[in-house]
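As structure tokens, the structure follows; a few thoughts come after it.
The values are calculated or read from the model by the stated rules, or taken from the named source; none is laboratory data. Predicted, not measured: the structure shown is a model, and the values here were computed from it. Quick reminder, even Gly has a Cβ in these numbers, built from the backbone with ideal geometry, and neighbours come from all protein chains shown.
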Amino acid sequence: MNRTVRLAIVVLGAAVILLAVWITQRLAHQRTPSSSFGRAFQTALTNPVEFAKRSVTGDTGLLLRLEPGTGRILVQGVGVGSPAEAAGLRAGDLLVDINDQSVTNQSLRQVVDTLRGFTGGRVEVTVQRAGVTNLTCIVRRTSWNTLLNTTFNHGQGTNK
């Protein structure tokens, strides 16, 4: 390959990485001081898998627990300002299914892995809530950076 073409490819690759870092920071709704940008850029270069995980994948902002004795998955808390809160999920909701797949007989780890995925992707969560048979909410995942300092609202009662 021509030396000029190789140089152009390297420069273009570096520009793409810088653009990805900038977009990631903007999507996370954070002001990007140069030290934060430098850390993100260094991570993108030295550990691209970790960079992709933190930048491209995310979560819904639900805090879940396994009910002792019943094995049911209960929403213990909902992150303040999280996609789960925006979708209307509440502490005390009992998970019934995710993306039309029952969570019965699934481990807590399996349920959490199902909720996680690509940032901006949507997940359909059906819950039982006191007084309501089934309630389906569409939750858009957000980046890990956005959820990093999330505080959780914990409900007072459970939905038994």
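Being part of a strand (DSSP E or B) and in contact with a helix residue (DSSP H, G or I) (Cβ under 8 Å, 6 or more places away or on another chain) is the requirement here; does residue 96 meet it? No. Has region 41-52 got any residue that is of a type in the set (Gly, Ala, Ser), farther than 23 Å from residue 132 by Cα and touching a Ser or Thr at 6+ places or on another chain (Cβ under 7 Å)? Checked region 41-52: no residue is of a type in the set (Gly, Ala, Ser), farther than 23 Å from residue 132 by Cα and touching a Ser or Thr at 6+ places or on another chain (Cβ under 7 Å). In the set 92, 77, 69, 81, only one residue is in contact with a Phe, Trp or Tyr (Cβ under 9 Å, 6 or more places away or on another chain) and either within 13 Å of residue 127 (Cα to Cα) or assigned by TED's automatic domain parsing to the domain that holds residue 132 (or both); that residue is 77. For region 44-73, the tally of residues that are in a strand (DSSP E or B), aliphatic (A, V, I, L, M) and surrounded by fewer than 20 Cβ atoms within 10 Å (Cβ to Cβ) stands at 3.
Residue 132 falls short of the stated requirement of being out of contact with any strand residue (DSSP E or B) (no Cβ under 6 Å at 6 or more places or on another chain), closer than 30 Å to residue 16 by Cα and without any contact (Cβ under 8 Å) to a residue 12 or more places away in the chain. Which of the residues belonging to region 131-155 are over 11 Å from residue 98 (Cβ atoms) and in a strand (DSSP E or B)? Across region 131-155, the qualifying residues are 132, 133, 134, 135, 138, 140, 142, 143, 152, 153, 154. Across region 53-86, the number of residues qualifying as in contact with a Ser or Thr (Cβ under 8 Å, 6 or more places away or on another chain) and under 17 Å from residue 140 (Cα atoms) comes to 15.
The set of residues in region 99-130 that are assigned to a loop (DSSP other than H, G, I, E, B), hydroxyl-bearing (Ser, Thr, Tyr) and more than 17 Å from residue 150 (Cα to Cα) comprises 104, 107. Scanning region 121-133 for residues that are surrounded by fewer than 17 Cβ atoms within 10 Å (Cβ to Cβ), over 17 Å from residue 76 (Cβ atoms) and either at pLDDT 90 or above or among the hydrophobic types (A, V, I, L, M, F, W, C) (or both) gives 122, 124, 132.
With respect to the conditions (1) touching a helix residue (DSSP H, G or I) at 6+ places or on another chain (Cβ under 7 Å); (2) crowded, with 18+ Cβ neighbours inside 10 Å, residue 118 lacks only one, and its number is (2).
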